[in-house]
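The values are calculated or read from the model by the stated rules, or taken from the named source; none is laboratory data. Keep in mind that this is a model prediction, so the values were computed, not measured. Methodologically, a virtual Cβ is constructed for each residue, glycine included, from the backbone with ideal geometry; neighbour enumeration extends over all protein chains shown.
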Amino acid sequence: MDSHQALDYASARSGIVESAVMNPPSVELPLSDIEEARAVLRRHLPQSPCLEVHDGATRAGRLLVKAENLMPTGSFKIRGATWRLQRLS
């Protein structure tokens with residue numbers, strides 16, 4: 001089963017999946033919260049490298065890819081987990 005089939009199956013089972021994918025909830029986040037999270041994460045995690053892509057195609061400008069897969073856990077998810085753990089009292 002490919003990812004499209006899995007989403008179709010889940011959507012058929014409940015309209016919640018389709019609704020969440022097509023209409024993500026709107027969240028207002030103050031800039032101060034973002035700056036606080038950035039300060040905390042800088043103390044605990046390395047910065048994700050941005051790698052330049054050289055594929056031989058002619059294009060205007062540079063193409064950079066943020067390599068989150070090089071984080072300690074292999075994904076960006078460590079950021080959210082670290083932030084949550086730091087907020088525990």
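Mind checking whether some residue in region 25-35 is surrounded by 10 or more Cβ atoms within 10 Å (Cβ to Cβ), modelled with pLDDT under 85 and either out of contact with any helix residue (DSSP H, G or I) (no Cβ under 9 Å at 6 or more places or on another chain) or among the aromatic types (Phe, Trp, Tyr) (or both)?
no
Could you give every pair whose Cβ atoms fall below 6 Å, whose first residue belongs to region 41-70 and is of a type in the set (Gly, Ala, Ser), and whose second residue is in a helix (DSSP H, G or I), counting only separations of at least 6 or pairs across chains?
Note: pairs meeting the criteria are 48/68.
Please work out if residue 64 is surrounded by 11 or more Cβ atoms within 10 Å (Cβ to Cβ), modelled with pLDDT of 85 or more and not basic (Lys, Arg).
Details: surrounded by 11 or more Cβ atoms within 10 Å (Cβ to Cβ): yes; modelled with pLDDT of 85 or more: yes; not basic (Lys, Arg): yes.
Spelling it out, residue 64 is indeed surrounded by 11 or more Cβ atoms within 10 Å (Cβ to Cβ), modelled with pLDDT of 85 or more and not basic (Lys, Arg).
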